[in-house]
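Derivation of every value follows stated rules applied to the coordinates shown; laboratory data play no part. The structure displayed is predicted, hence computed values, not measured ones. Don't worry about glycine lacking a Cβ; one is built from the backbone with ideal geometry, like all the others, and counts go over all protein chains shown.
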Amino acid sequence: MKKVLLTGGSSGIGLAICKLLTQKGYDVIGTARNPERHSELSFPLIKLDVTSEDSIQEAVQLISERWGGLDILINNAGIGFMGPVAYSKSEHIKKAWETNVFGLMQVTQEFLPLLQKSDSGKIINIGSIGGKMGLPYRGWYSAAKGSLEILGESLAMELKPFGIDVCTLLPGDVRTEIAASRLETKQEDLKEYEASYMRMKEVLQDEMDQAMPAEKVAVKLEKLLRRKRLPLKYSVGSFLHKLTPIIKNLTPQRFFQWLILRHYK
Ligand SMILES: NC(=O)c1ccc[n+]([C@@H]2O[C@H](COP(=O)([O-])OP(=O)(O)OC[C@H]3O[C@@H](n4cnc5c(N)ncnc54)[C@H](OP(=O)(O)O)[C@@H]3O)[C@@H](O)[C@H]2O)c1
């Protein structure tokens, strides 16, 4: 039975993946910062804060004692972040990057020895289609998600000799509770951007209300795991979401920016 560790298994996409993989016969352990708050799940949830080195090492110790190795690491834990690039507070920027990039990479580094014991190790990082482009008021988040793709490309080549596949899974909008814990610039700090920022938030909320369910991401991921080799990158989302990066690459840069601004107007 393949052994899977997923960070951020308490809600949204992570919860849906843990449930589905458990149902499909994988041995799954999810993580959360406060696992005691989540009972009656079909899989075990252990404590892990990806921003704490001690917490990561405790989780590695626990998995090592329980399983002695690991087949699949899914780096899903993450937080949202919105605000103008120029007025975002450094404490928010640091927290978002510590969670979405540095924490994720530290989890990867610490679990690598266990993955190397597997004869078919796999790492799946949850990026975002939004990481393929700078969007207004989401620059810091998009940049963090975009950097995961580049790190994933390097890691995939470096881990090839160990037979470990690395895949960045790129969802479009997914209907989850991510907005509830999102870091955000205070309204009074938005200054001249206030009106356009509030308008964009409305558009985003409408899009989130109609976004795909987290279960759709879980189904795609489970299908990917059935392949002999993982793709380097895989997008999951609506036709428009998957088309947008292609339009970005094929059209003049200023025209693409005009399209994006028009979309949020
Ligand atoms: N929703 C979307 O539209 C969308 C689109 C593209 C990509 N994504 C990405 O998908 C992933 C999951 O997002 P979601 O939409 O499912 O959001 P969510 O429902 O808010 O889930 C986020 C998960 O991350 C965990 N988490 C947050 N900070 C953590 C930390 N410091 N240490 C450990 N765990 C932490 C949370 O667990 P606890 O709070 O219980 O610790 C929770 O389980 C994120 O990486 C997100 O960026 C989401």
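The single condition among (1) over 30 Å from Lys24 (Cα atoms); (2) touching a Leu at 6+ places or on another chain (Cβ under 8 Å) that Ser196 does not meet is (2).
Of the residues making up region 252-259, at least one is aliphatic (A, V, I, L, M) and touching a helix residue (DSSP H, G or I) at 6+ places or on another chain (Cβ under 9 Å). Of the residues screened, Leu190 is one that is hydrophobic (A, V, I, L, M, F, W, C), within 23 Å of His92 (Cα to Cα) and over 16 Å from the mean Cα position of the chain (by Cα). The listed residues are Ile74, Ile17, and the only one of them that is out of contact with any Ser or Thr (no Cβ under 8 Å at 6 or more places or on another chain) and within 14 Å of the ligand (Cβ to nearest atom) turns out to be Ile17.
Put simply, of Lys228, Lys223 the only residue that is under 20 Å from the mean Cα position of the chain (by Cα), closer than 30 Å to Ser154 by Cα and among the charged types (D, E, K, R) is Lys223.
Being surrounded by fewer than 20 Cβ atoms within 10 Å (Cβ to Cβ) and farther than 19 Å from Gly83 by Cα is the filter here; which residues of region 121-150 pass it? Scanning region 121-150 gives Glu149, Ile150. Considering every residue within region 83-96, establish whether at least one is more than 17 Å from the chain's Cα centre (by Cα), surrounded by 19 or more Cβ atoms within 10 Å (Cβ to Cβ) and within 12 Å of the ligand (Cβ to nearest atom). There is no residue in region 83-96 that is more than 17 Å from the chain's Cα centre (by Cα), surrounded by 19 or more Cβ atoms within 10 Å (Cβ to Cβ) and within 12 Å of the ligand (Cβ to nearest atom).
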